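Participant: Before anything else, here's the structure in question.
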Amino acid sequence: MAKRTISFPVWDERVDGPNEERKIVTGDYRDKDYVIQLDGLTMYSNDLDYQESHSKSAPDWSLGCEARDSNNHVVLTFGGEPCEPFRSALLEGRILYGAAIARDEQRHGI
């Protein structure tokens, strides 16, 4: 059985230069990372006909879709057809796991 583990460092605070690991020069900085945990999220279509019957080959993507946690709280919303793996998760009834990281790589102080 093939299995892999994926890991990334997450910066919880602003990082000022110099910092070789983040390639930040003296006088520059990077803002903290934004992270969203996807562990155990379920995708739902906003197309009520699709939700009720699943008889269509695909939902009406123009109605959007969302990812919800186990308490039915909306964590992510998509205004149209989502990208992979969110699309396949909705169509195949898969559960989302992992994290998405939004990292600042702009130059600020120079």
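No value in this document is a laboratory result; all are computed from the given coordinates. Everything numeric here is computed off the predicted structure, so don't read it as measured data. Ideal geometry is used to build each Cβ from the backbone, glycine not excepted, and the neighbour counts take in all protein chains shown.
Participant: For the subset of the stretch 53-90 comprising residues that are over 16 Å from G40 (Cα atoms) and of a type in the set (A, V, I, L, M), which member is nearest to the chain's Cα centre (by Cα)? Can you show your working first?
Facilitator: First pass over the stretch 53-90, keeping only residues over 16 Å from G40 (Cα atoms): 53-65, 78-84.
Restricting the remaining residues to those that are of a type in the set (A, V, I, L, M) gives 58, 63.
Numbers: A58: 22, L63: 20 Å.
Step by step, filter the stretch 53-90, then rank; the result is L63.
Participant: What are the residues in the stretch 73-108 that are free of Cβ contacts under 8 Å to residues at least 12 places away in the same chain and of a type in the set (A, V, I, L, M), if any?
Facilitator: Scanning the stretch 73-108 gives a single hit, V74.
Participant: Got at least one residue in the stretch 48-61 being surrounded by fewer than 16 Cβ atoms within 10 Å (Cβ to Cβ), at negative phi and in contact with a Gly (Cβ under 8 Å, 6 or more places away or on another chain)?
Facilitator: no
Participant: List the pairs whose first member sits in the stretch 10-34 and is under 16 Å from G109 (Cβ atoms), whose second member is assigned to a strand (DSSP E or B) and of a type in the set (D, E), and whose Cβ atoms are under 8 Å apart, counting only residues at least 6 apart or on separate chains?
Facilitator: I24/D16; D28/D16; Y29/D16
Participant: Pick from L90, L38: which is out of contact with any helix residue (DSSP H, G or I) (no Cβ under 8 Å at 6 or more places or on another chain), more than 21 Å from R103 (Cβ to Cβ), surrounded by 13 or more Cβ atoms within 10 Å (Cβ to Cβ) and not small (G, A, S)?
Facilitator: Working: L38 fails: more than 21 Å from R103 (Cβ to Cβ).
Within the list L90, L38, the selection yields L90.
Participant: Would you confirm whether or not the stretch 56-63 contains a residue that is more than 22 Å from G98 (Cβ to Cβ) and in contact (Cβ under 8 Å) with a residue 24 or more places away in the chain?
Facilitator: First pass over the stretch 56-63, keeping only residues more than 22 Å from G98 (Cβ to Cβ): 56-63.
With the extra rule that they be in contact (Cβ under 8 Å) with a residue 24 or more places away in the chain, the set shrinks to 58-59.
Yes - at least one qualifying residue is present in the stretch 56-63.
Participant: Right, something else. Need the failing condition index for K23 against (1) on the phi > 0 side of the Ramachandran plot; (2) surrounded by 13 or more Cβ atoms within 10 Å (Cβ to Cβ), just the number.
Facilitator: (2) is the only condition that K23 fails.
Participant: To continue, here is another question. If I filter the stretch 62-77 down to residues being touching an Asp or Glu at 6+ places or on another chain (Cβ under 6 Å) and exposed (fewer than 14 other Cβ atoms within 10 Å of the Cβ), which single residue comes out as farthest from Q37 (Cα to Cα)?
Facilitator: Per the stated criteria, the residue is T77.
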